[in-house]
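Here is the structure we will look at, set down as structure tokens.
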Amino acid sequence: MSASVSVVVGPAHSGKTTRLLHTYRGHLATGPIGSTLWLSPTHRARTEVGQRLLAMRPTGLLGANLLTFNQLAARLLAANPQPMRPLSPTQVRWLLRQVIRRHHDAGELPYFAPIASTQGFLALSEGCIQEYKRLEIWPHELDSAIRSQARAKDRELCRIYTSYQGLLQRHDLFDSQGQFWAARELLRQGRWGPLAEVAHVFVDGFADFTRTEHEVLELLTRRAESLTITLPLDADTDREALFLKSRQTLDALRQRHPALQTIPLSRRSFPSPAIGHLERHVFGPPRASVPLAEREGIEIIAAAGVTHEVELIAGRIKGLLAGSAGGSPVAPGDILVVFRSLGETASLVEEVFSRFGIPCSTAAEPQLGAAPLTSALAAWLTLDVEDWPFRQVLAVLSHNYFRPKWPEWRQGRAAVALERLTREFAFPARRANLSRAVARLAEKADEASTAKQRLTRRQLDAQLAAPLLARIEALLDALPQRATPSAWCEALGTLATEAGLFDAAAASPLGAAAAERDRRGWQRLVAALGERERLARWTDQGPPEWSRSELLSELDDLLRDETLPLERDEAGTVRVLSAESARNLSAPYVFLAGLSEKAFPPGDRDDCLHSDAERRVLTQAGLPLPTHAQRNRFEMLLFYEIVTRATRHLVLSYPALDAAAQPMVPSPFLLDVEHACGPDRIVRNGQPHLSSVPPDDDVRSQRDFRVRAVAQALDDAPALLARWCREAEPPPAAGGVLAGLRVTYHRSRGAGFGPFEGMLTSPAVVQELADKYGPSRCWTPSQLELYASCPYKFFLEKVLRAQPLPEPELAVDYLGRGQMLHWLLSAAHRRLNELLGQPSSPSAYDTEQFVGVIEALADALREQHEHRAALESGLAEIDIRQIRLWIDRYRQQHAEYDEQWSRWELPPRPTYFEVAFGPTHRGDDDEVARVLDENDPISTGDAFEMECGGEVVRFSGRIDRIDTGRYAAQAVFSIVDYKSGKVGARTSLASVLQGRSLQLPLYTLAARWLLAAERAEPFRAAYWHVSDKGYQEKEAVKFHDLADAGIEPSEQWRELEAALGPRVRSLVEGIRAGEFPMHSWDDRCTSYCDYKTVCRVNQTRWLEKTWQPPETWQISSEERA
């Protein structure tokens, strides 16, 4: 028996599906159960047909047989008594990876060798093989086609395909396309199974068929009485390119069914005349443009970027749902949002639509890695396999799902302490380093507790962190070194239970949807690992055994490639779909979004496997591979089908600006739409809007409402803000906004700084500061310099002790290098002085002797770092080598320094080094036991006291070097402060008056006090830039000048001495008064300051606010320069 075959053709909305449904309904009512079969291209198309059929209230609906081709194949295979071995996508990737690895290891993939081990090549190979199989190109056919071309990459691809298909055949394995082939074979053998009673077959929604689908339809005609197919085709048009795909399909059907009857349907009028006009004229001849008579019904939106585009769409949809356009509210199910492909756009749409309060369902299935539970497991494995890298330790400790029920957890305080210590130690990696450091610190804490000493904050942290760290280590140590996938499932389950991951997932703070995602994610992970063992059995192998690193690699692949098949109820939601999923659906309102230049149609798919030119060559060799031109025509048909899905209103949108605010070109299809409708006949809205304040007529969400209300309030129109404050959800949000406005108001009023810019006015706070920094306080010059340079930074760093979170980085440790340089120079000078028995200059020794001393000290530095981690030791070695280069230059610098004083009675010579005075500080405030430098006899634990405007201010510090000499019978000294960085500003009257250059003058006064017994007078104080030009006389602070009869005070020193005391007093009084304005002398401070994220100095600069400490000084422009 041969069935009658009919093909119903017609343009969009010509009634093709409706005609088939009426015929189908009649057969359902009269025929036996199972006598009808309806085939749709997608699950959603099948569902929509079912809903339409249900609305027609047919009888016999239980035997409707509404299926897709895949579901048809699954039913046939399920009814087959012979068991099959169907492969999941995960198993296909595992099998293909084995094939590629085997050929790569055998040296049989020289062309692809550089990328053969990558995930990208695996994905490309899989896609290529899927295309071959979909087109039913067998390995031997591919081999025959490429034999004459002799391209290495084609041979290697063919080799991979041949091996893969051979494995499938040897072990009776079936991938998705193979399952469809198997179903076709059952039909050939007459094993009709559930199709035994089928008499009438209806195929709707397709534009083309694969070779296998054609053959299945051909086989169905041997048993059925009729086969009816619909195709989108306008027989009376000259738009050949648009309907090329449908015509090719019709020709193929005629070859297979010579008696085929074509039933053309006439065009019907559209509910929307504008969309009807578009259906008739889009992609028509260039000179056949017909102006659109009625502008209503089609709209184009140009947005300022992708996010703005989605926000504009959400705003329009919100208006439709609310009926704000003057009409009745629109049901969510009547709105369809379509992108060419969803991809990463799905998450953006979900986020924006949620913010706008729009119920939506997207077709994109999230990756397995989107489940926090599975990503947490991967984080734990990464921590172990990569030996505790810094950031991974922080990721595990701060993960919301790490909530164990261990006593060592201490309600989470132990994790906070361990995270803080991890940041401070800043080890790039190595568990042993972190464990040893925490244990050592905890031991010191125990010793201090035993001795009843006060514990430092770090010691307290170590006492909390050490037990938790040991528990984490034990949990990871319990993991097997090697195990099968099933054993790893058990081990991962134990880890998740012990670490509290399962409990945290069940009570996810993100709600029930997140908890369900985690549950399904764990189930899918266990199922995928089980599939791996099953594949090993099917291929006659033992279960694989993976090491921890191999498991992590497999897990990373699964988290990236596997998706979570979440169950979604699309009822009552706005559907957000890809074009392929939406092409057979209809809705009154359709938004076709993302119409940028290379989005629809997608850009040229030339890739590293086959360029378009190579595809043409393979096509000429007999392979039915589509070229880029053919794909572009297929995209035209897809676009045509989408824009004609709307029955009332069509919105076409695209991002007109990229992330850099540069213009973007729209899709050429969008230009075809404008051509089809005539110049200026389509309404254009949403011109790029770069302001964060939405226009008055485009406030669609609570965020828009809030932003607009604040903007109006700043323009002295507070009515909208008052309304928002009454309606704000949650209520605390209003308080936060009003507090922010209050801060902005006070900052923008007045020329001076106020309470919101660091000026503390509370009497209690001021009193506490006065007590904390009272007369007994011992200051360092650097503290006062910091306050003078940036009072707000002083407040954050010294008063609040707000420390930035340290981050390990491969960069120069300038502080550590400077400390090594200081130690080496002081130790070298001491050694040289010991050799000569008196203060001496490096230039007094021959090169060999000097180098010998320096090399010995450099070796001592190396010994201090040799037990550290390899990376730290390597970086220290780089610093030591750099210092050695500087020291070679330093000897020449010293010779030039000595030459300046060569006619003195006793030229200045390095005499004292690392001279400490005042109590040593731990941190900034707590005085502890005095630590004296035993190698320097003049160091003292007594503070230097300075009379400053009626108050004695106490100082402590450490002087790098003091040179002593004698001129005209007068003992003199000079202060040298080593610098390894770039040359800074010189110490001048202006910088002293500003308080930014106090160190050299204060150190000089302290040295005169320390050398009182020698009756020495200060001569010079200068920074010695070891890495640059060394000592520079013109940059030095000159305390005395040389005269014929001796030395006499310099004019510079007279001015400095008069200004120094009052300025120090004014800085101290400013701190006690709570004056910490956001003010910095460095205009570039925001590019490097650790506190730039919490400082608003740019706002005060914009307002042109300036600050001086309590006492102001008149400084000439020459002095300021």
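Give region 196-243 a look and list any residue that's within 22 Å of ALA45 (Cβ to Cβ), under 47 Å from the mean Cα position of the chain (by Cα) and aliphatic (A, V, I, L, M), or say none.
VAL203, ALA207, LEU231, LEU233, LEU242
Among residues belonging to region 1028-1037 that are in contact (Cβ under 8 Å) with a residue 60 or more places away in the chain and surrounded by fewer than 18 Cβ atoms within 10 Å (Cβ to Cβ), point out the one that is farthest from LEU1060 (Cα to Cα).
The residue in question is LYS1029.
Would you be able to say whether some residue in region 376-385 is more than 20 Å from the chain's Cα centre (by Cα) and among the hydroxyl-bearing types (Ser, Thr, Tyr)?
Within region 376-385, none of the residues are more than 20 Å from the chain's Cα centre (by Cα) and among the hydroxyl-bearing types (Ser, Thr, Tyr).
Do the conditions hold for ARG268, that is, is it more than 23 Å from PRO668 (Cβ to Cβ), of a type in the set (Lys, Arg) and at pLDDT below 90?
yes
Taking VAL590 as the residue in question, decide whether it is crowded, with 21+ Cβ neighbours inside 10 Å, more than 30 Å from SER375 (Cα to Cα), of a type in the set (A, V, I, L, M) and in contact with a strand residue (DSSP E or B) (Cβ under 8 Å, 6 or more places away or on another chain).
It is true that VAL590 is crowded, with 21+ Cβ neighbours inside 10 Å, more than 30 Å from SER375 (Cα to Cα), of a type in the set (A, V, I, L, M) and in contact with a strand residue (DSSP E or B) (Cβ under 8 Å, 6 or more places away or on another chain).
Is at least one residue of region 95-103 within 19 Å of LEU559 (Cβ to Cβ) and either at pLDDT 90 or above or in a helix (DSSP H, G or I) (or both)?
Taking every residue of region 95-103 in turn, at least one turns out to be within 19 Å of LEU559 (Cβ to Cβ) and either at pLDDT 90 or above or in a helix (DSSP H, G or I) (or both).
Scanning region 558-576 for residues that are surrounded by 18 or more Cβ atoms within 10 Å (Cβ to Cβ) and under 26 Å from the mean Cα position of the chain (by Cα), which turns out farthest from ARG97 (Cα to Cα)?
Top of the filtered list is VAL576.
Given the condition over 21 Å from ALA629 (Cα atoms), at pLDDT 90 or above and outside any loop (DSSP other than H, G, I, E, B), answer yes or no: does some residue in region 232-239 qualify?
No: region 232-239 contains no residue that is over 21 Å from ALA629 (Cα atoms), at pLDDT 90 or above and outside any loop (DSSP other than H, G, I, E, B).
Which of the residues that make up region 365-396 are in contact with a Leu (Cβ under 9 Å, 6 or more places away or on another chain) and acidic (Asp, Glu)?
Correct list: GLU365, ASP384, GLU386.
Restricting attention to region 368-402, and to residues there that are hydroxyl-bearing (Ser, Thr, Tyr) and part of a helix (DSSP H, G or I), which single residue is nearest to GLU419 (Cα to Cα)?
Checked region 368-402; the qualifying residue nearest to GLU419 (Cα to Cα) is THR382.
Among the residues of region 974-992, is there at least one that is surrounded by 14 or more Cβ atoms within 10 Å (Cβ to Cβ), among the small types (Gly, Ala, Ser) and assigned to a strand (DSSP E or B)?
yes
Of everything in region 118-174 that's among the aromatic types (Phe, Trp, Tyr) and part of a helix (DSSP H, G or I), which residue is nearest to the chain's Cα centre (by Cα)?
PHE121
Quick check on LEU501: is it touching a helix residue (DSSP H, G or I) at 6+ places or on another chain (Cβ under 7 Å), in contact (Cβ under 8 Å) with a residue 60 or more places away in the chain and closer than 29 Å to MET84 by Cα?
Against the criterion (touching a helix residue (DSSP H, G or I) at 6+ places or on another chain (Cβ under 7 Å), in contact (Cβ under 8 Å) with a residue 60 or more places away in the chain and closer than 29 Å to MET84 by Cα), LEU501 does not qualify.
I'd like to check something: does region 950-973 contain any residue that is assigned to a helix (DSSP H, G or I) and closer than 30 Å to ARG1072 by Cβ?
The answer is no; no qualifying residue exists.
Which residue out of ALA513, ALA505 is closer than 30 Å to SER653 by Cβ, modelled with pLDDT under 90, under 29 Å from the mean Cα position of the chain (by Cα) and not in a loop (DSSP other than H, G, I, E, B)?
After applying the criteria, what remains is ALA513.
When you check LEU321 against the structure, is it crowded, with 17+ Cβ neighbours inside 10 Å, assigned by TED's automatic domain parsing to the domain that holds ARG645 and touching a residue at least 24 places away in the same chain (Cβ under 8 Å), yes or no?
yes
Would you check which residues across region 415-446 are within 19 Å of LEU495 (Cα to Cα) and of a type in the set (A, V, I, L, M) and list them?
Hit for region 415-446 is ALA415, nothing else.
Just to be sure before I move on: is ALA79 farther than 26 Å from SER269 by Cα, touching a Gly at 6+ places or on another chain (Cβ under 9 Å) and surrounded by fewer than 17 Cβ atoms within 10 Å (Cβ to Cβ) in the structure I sent?
Yes: the conditions hold for ALA79.
Those residues that are of a type outside the set (A, V, I, L, M) and touching a residue at least 60 places away in the same chain (Cβ under 8 Å), I need them from region 99-124; list them, please.
The answer is ARG102, HIS103, GLN119.
Matching residues to (1) of a type outside the set (Phe, Trp, Tyr); (2) farther than 22 Å from ALA802 by Cα; (3) touching a residue at least 24 places away in the same chain (Cβ under 8 Å):
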position: GLN411; (1), (2), (3): yes, yes, no
position: ARG423; (1), (2), (3): yes, no, yes
position: ASN433; (1), (2), (3): yes, yes, yes
position: ALA437; (1), (2), (3): yes, yes, no
position: ALA448; (1), (2), (3): yes, yes, no
position: ALA451; (1), (2), (3): yes, yes, no
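Considering only residues that are of a type in the set (A, V, I, L, M, F, W, C), exposed (fewer than 15 other Cβ atoms within 10 Å of the Cβ) and outside any helix (DSSP H, G or I), which ones fall in region 432-476?
ALA451
Take the conditions in contact with a helix residue (DSSP H, G or I) (Cβ under 8 Å, 6 or more places away or on another chain) and modelled with pLDDT of 90 or more and apply them to LEU551. Does it pass?
Yes, satisfied.
Residue check, ARG726 against (1) surrounded by 11 or more Cβ atoms within 10 Å (Cβ to Cβ); (2) outside any loop (DSSP other than H, G, I, E, B), all met but one. Which one?
Every condition holds for ARG726 apart from (1).
Given the criterion at pLDDT 80 or above and either hydrophobic (A, V, I, L, M, F, W, C) or not in a strand (DSSP E or B) (or both), identify the matching residue among LEU609, LEU585, LEU566.
LEU585
The values are calculated or read from the model by the stated rules, or taken from the named source; none is laboratory data. Every value quoted in this text rests on a predicted model; they were computed, and no experiment measured them. Because the Cβ atoms are built from the backbone with ideal geometry, glycine has one as well, and the counts that use them run over all protein chains shown.
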